[in-house]
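The values are calculated or read from the model by the stated rules, or taken from the named source; none is laboratory data. All values derive from a computational prediction rather than experimental measurement. Please note: Cβ atoms are built from the backbone with ideal geometry, for glycine as well, and neighbour counts cover all protein chains shown.
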Amino acid sequence: MVYVRLNAEWTDGDGVVHDAGDTVDVDAVTLADLQAQGIVTDPTKSDAGTEWVGPTSDKP
């Protein structure tokens, strides 16, 4: 099992609706299905962490 953050609303197999931005615990098969649908993305391929974090940051 792995926790993932949803990029879009998703209804799980039990009928529970999860909103975009929610973090959910899924198995490997469900994760692959969600990735194929674009509901979750690989965090290593996102722009996360590239934005300026403020005047005390070493990043421009």
Output for region 13-26, where each listed residue is of a type outside the set (G, A, S), in a loop (DSSP other than H, G, I, E, B) and within 18 Å of T41 (Cβ to Cβ) | D19, D22
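Okay, residues lined up against (1) hydroxyl-bearing (S, T, Y); (2) at pLDDT 95 or above; (3) touching a Pro at 6+ places or on another chain (Cβ under 9 Å):
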{"position": "V2", "(1), (2), (3)": "no, no, no"}
{"position": "L6", "(1), (2), (3)": "no, no, no"}
{"position": "E9", "(1), (2), (3)": "no, yes, no"}
{"position": "H18", "(1), (2), (3)": "no, yes, no"}
{"position": "T41", "(1), (2), (3)": "yes, no, no"}
{"position": "T56", "(1), (2), (3)": "yes, no, no"}
